[in-house]
Amino acid sequence: MRLAFRALGGAAGVAWRESFPLGGRDVARWFPGHMAKGLKKMQSSLKLVDCIIEVHDARIPLSGRNPLFQETLGLKPHVLVLNKMDLADLKEQQIIPTVTGLVGSSCRYHRGESLEYCAMVIGIPNVGKSSLINALRRQHLRKGKATRVGGEPGITRAVMSRIQVCERPLMFLLDTPGVLAPRIESVEMGLKLALCGTVLDHLVGEETLADYLLYTLNRHQLFGYVRHYGLGGACDDIASVLKQVAVRLGKTQKVKVLTGTGDVNVIQPNYPAAARDFLQTFRRGLLGPVMLDRDVLQRSPVAEP
Ligand SMILES: Nc1nc2c(ncn2[C@@H]2O[C@H](COP(=O)(O)OP(=O)(O)OP(=O)(O)O)[C@@H](O)[C@H]2O)c(=O)[nH]1
Ligand SMILES: [Mg+2]
């Protein structure tokens, strides 16, 4: 499917934007700075755990991991889980054996005599930490949800009490609130993080996010949006795309315009509603898998032959 659409974009001779206008955006304002409390509580819960399981979003394997995790929680063995693989362009997870192996080969300090394992699940917001705990519990104990999950960042608000996920070996996990890095390196990294839903959309602006999404999809030649919304063709102009999306979805509104001859009702596309639908459709994976860190991966020395 992706190849067919690639031909479509090329044949139309459309020139995609080479860069996204980043100037004038203040990334610091998008990311809330109130997460220190969560991190402090996580630090004070360290004595309860043998291992740290950090969950991150597979679409941004390099962007936005919080360096403070290593600094403050780095004493314990650390497993990195890249979640949301179904949404990422990558080619299952053996978490419990990995944790037991890692803990077995590290110092357990005062917990050396304990027969049970306990790991703390950490990560930036909305990457699926709580979902992972529920999934492991379902898989190993056939038990239902033990911790709340939701499509917005900030669902888990505190370090939770431990949740059993396995009987043999006896393993418990601590769920924690998402903690973002205190400083986001660049506006583009901020946009990627926002596109993955790690901050509330309104902080960045749904239309800005929709524009960055369109820019990314076109740059990556992922033209699934053209088919999904039945558009005339691929296009790099967000206003034009959102207008067509709004009309397609019937998301239009009547607006009164004052003319020389009186009030006239004009049908206007509902751009915010179209932007919201575009973002949600992307996040549900309906526009295909994506690797938002492709540029960083290509620049990194290991990518060179
Ligand atoms: N597509 C997809 N969605 C997932 C996956 N794992 C979790 N989600 C969704 O991601 C959203 C966030 O999941 P949570 O488990 O609440 O994430 P969290 O990291 O605990 O979030 P906070 O508590 O807010 O920090 C929910 O809508 C989940 O359904 C996955 O593997 N694939
Ligand atoms: Mg959570």
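The values are calculated or read from the model by the stated rules, or taken from the named source; none is laboratory data. The model shown is predicted, which means the values in this text are computed figures rather than measured ones. Glycine gets a Cβ as well: all are built from the backbone with ideal geometry, and neighbour counts include every protein chain shown. Each accessible area value is taken on the protein alone, full model and side chains, heavy atoms only, with ligands, DNA and RNA left out. Shrake-Rupley method; radii C 1.70, N 1.55, O 1.52, S 1.80 Å.
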Worksheet entry | Accessible-area composition of segment 131-180, carbon plus sulfur, in percent [1.4 Å probe] | 46
Worksheet item: Efficiency by 1/(1 + (r/R0)^6): what FRET value for H110 and R142, r their Cβ-Cβ distance, R0 = 30 Å, to the nearest 0.05?
Response: 0.35
Worksheet item: Under 5 Å between amide H atoms, partner at least 5 residues away or on a different chain: which partners does F172 have, H built in plane at 1.01 Å?
Response: Y117, C118, A119, V165
Discussion item. How high is the relative contact order of segment 102-159? Use alpha-carbon pairs under 8 Å, at least six apart in sequence, and give a whole percent.
Written reply: 27
Worksheet entry | Eligible aspartates and glutamates near K76 by straight Cα distance, threshold 12 Å, same-chain separation 8 or greater | D50, E54
Worksheet item: Across segment 36-43, in residue order, what do the Karplus-derived ³J(HN,Hα) couplings come to in whole Hz, using 6.51 cos²θ - 1.76 cosθ + 1.60 with θ = phi - 60° and x for Gly and Pro?
Response: 4, 4, x, 5, 4, 5, 5, 4
Worksheet entry | Positive-end residue of L203, M189, P153, charge dipole of segment 138-213 with Cβ unit charges | P153
Worksheet entry | Theoretical gain in end-to-end length, I267 to S186 [0.36 nm per residue, Cα-Cα removed] | 25.3 nm
Fill in: Net +/- balance of residues flanking E71 in space, Cβ distance below 14 Å, scoring K and R +1, D and E -1
+3
Discussion item. Please report the accessible area of L48 (heavy atoms, 1.4 Å probe, ligands and nucleic acids excluded) in Å², nearest 10.
Written reply: 90
Worksheet entry | Rounded Å value of the spacing that divides the Cα centres of segment 149-175 and segment 205-222 | 33
Worksheet item: Which is farthest toward the positive dipole end of the chain among C51, V241, T259, measuring Cα position about the Cα centre, with Cβ charges +1 (Lys, Arg) and -1 (Asp, Glu)?
Response: C51
Practice prompt. Convert each backbone phi in segment 130-141 into a coupling constant with the Karplus relation 6.51 cos²θ - 1.76 cosθ + 1.60 (shift: θ = phi - 60°), then list the ³J(HN,Hα) values in order as whole Hz, x for Gly and Pro.
Written response: 5, 4, 4, 4, 4, 5, 5, 5, 5, 5, 9, 10
Discussion item. How high is the relative contact order of segment 170-282? Use alpha-carbon pairs under 8 Å, at least six apart in sequence, and give a whole percent.
Written reply: 22
Worksheet entry | Accessible area of the chain divided out per residue, in Å², using a probe of 1.4 angstrom | 52
Worksheet item: Over 32 Å between Cα atoms, which of K40/K192; K47/K145; K129/K254; K37/K243; K145/K251 qualify?
Response: K129/K254; K37/K243; K145/K251
Practice prompt. Ignoring everything but the protein chains, give the 1.4 Å probe accessible area of V257 in square angstrom, nearest 10.
Written response: 60
Practice prompt. Mark the label point 7 Å from the Cα of H228 along Cα→Cβ and return the residues of segment 246-282 whose backbone N is within less than 19 Å of it.
Written response: 246-252, 270-282
Discussion item. Can you divide the C-alpha Rg of the chain by 2.2 N^0.38 Å and report the result to two decimal places?
Written reply: 1.16
